[in-house]
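Inspection log for the structure reproduced underneath, given as structure tokens.
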Amino acid sequence: MDEQTASGPICALPLPQQIADHLGHRIMHGELVPGSRLKEEEFAERYDVSRGPVREAFRILERRGFVEIVPRHGARVRVFDPADLAALFSIRAVLFGLAARQATERAEPGLVEALALRVARLRRSAEKMDISPREHAVIAGDNQHLIARYSANRPLLRMLEELTGRALWRMAWSDPPLDFTTRVRRQQSARFWRDLLKAIKAGDAGRAEGIARALLEASRDHMIAAMASHRVLSAAE
């Protein structure tokens, strides 16, 4: 199998996961368009494998949200639905709020210092606009993961990681970007993170939970508004 991923050759992972990772990359970059059918025999030939690993790869992609498997019709690339993105962010907001509460209650050494460095980078992004929208989002995502780790709630961490890995979350940062495109929006983001850091540092678990939820709800609202704007522009072209 000689296909290449974005980061180089497919490496020594289980064969279905290798195929799923590569097909997921192609979907995210628009090479396989929403609604297009995925034929087992076609990809089995392309990857020089039997149909079994391809079938399992489709199941992996279905769990990740990239693909839907329709009885008697096979697999197809999932059509992107703004309502799904909104629901995804709403669920994640609740979970992240819980993670922030529990991390604050545990008050483990190291969280405040590590988070402060990342928050400072977001504030600089808002001031100087020196990084891309995606880079701003990646730092914010790293902050969320950091707080979830310090919550020491492993099931919660797994759920947040699974949601982050879903196709809709990743596709939200494809071109054109849907958030953090303006100074005003980055300033709002930086304020949320500054306030969350203060709440964690003060040991105010309730306030930390509320800010964490509001932070992700703001991202949800901005993305949905941006998607609606892009649809209007596309229709006018």
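The values are calculated or read from the model by the stated rules, or taken from the named source; none is laboratory data. Fair warning: this is a prediction, and the values are worked out from it, not measured in the lab. We place every Cβ from the backbone using ideal geometry, glycine too, and count neighbours over all the protein chains shown.
Some points to look at:
Conditions (1) more than 24 Å from A87 (Cα to Cα); (2) small (G, A, S); (3) within 21 Å of the chain's Cα centre (by Cα), marked per residue:
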residue: R101; (1), (2), (3): no, no, no
residue: G110; (1), (2), (3): yes, yes, no
residue: L115; (1), (2), (3): yes, no, yes
residue: R121; (1), (2), (3): yes, no, yes
residue: M129; (1), (2), (3): yes, no, no
residue: P133; (1), (2), (3): no, no, yes
residue: D142; (1), (2), (3): no, no, yes
residue: R154; (1), (2), (3): no, no, yes
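- Exclusive hit being at pLDDT 95 or above, over 18 Å from R213 (Cα atoms), surrounded by 13 or more Cβ atoms within 10 Å (Cβ to Cβ) and in contact with a helix residue (DSSP H, G or I) (Cβ under 8 Å, 6 or more places away or on another chain), set A107, A148, A120, A152: A152
- Scanning segment 2-59 for residues that are farther than 22 Å from P71 by Cα, hydrophobic (A, V, I, L, M, F, W, C), part of a helix (DSSP H, G or I) and modelled with pLDDT under 85 yields one hit, M28.
- Flag if I131 is touching a helix residue (DSSP H, G or I) at 6+ places or on another chain (Cβ under 7 Å), free of Cβ contacts under 8 Å to residues at least 12 places away in the same chain, assigned by TED's automatic domain parsing to the domain that holds L178 and within 22 Å of M223 (Cβ to Cβ): yes
- Candidates R63, R55, R51, filtered to the one that is under 30 Å from D179 (Cα atoms), surrounded by fewer than 21 Cβ atoms within 10 Å (Cβ to Cβ) and not assigned by TED's automatic domain parsing to the domain that holds H145: R63
- Checking I69 against (1) among the aliphatic types (A, V, I, L, M); (2) part of a helix (DSSP H, G or I); (3) outside the structural domain of R149 (by TED's automatic domain parsing), the condition it does not meet: (2)
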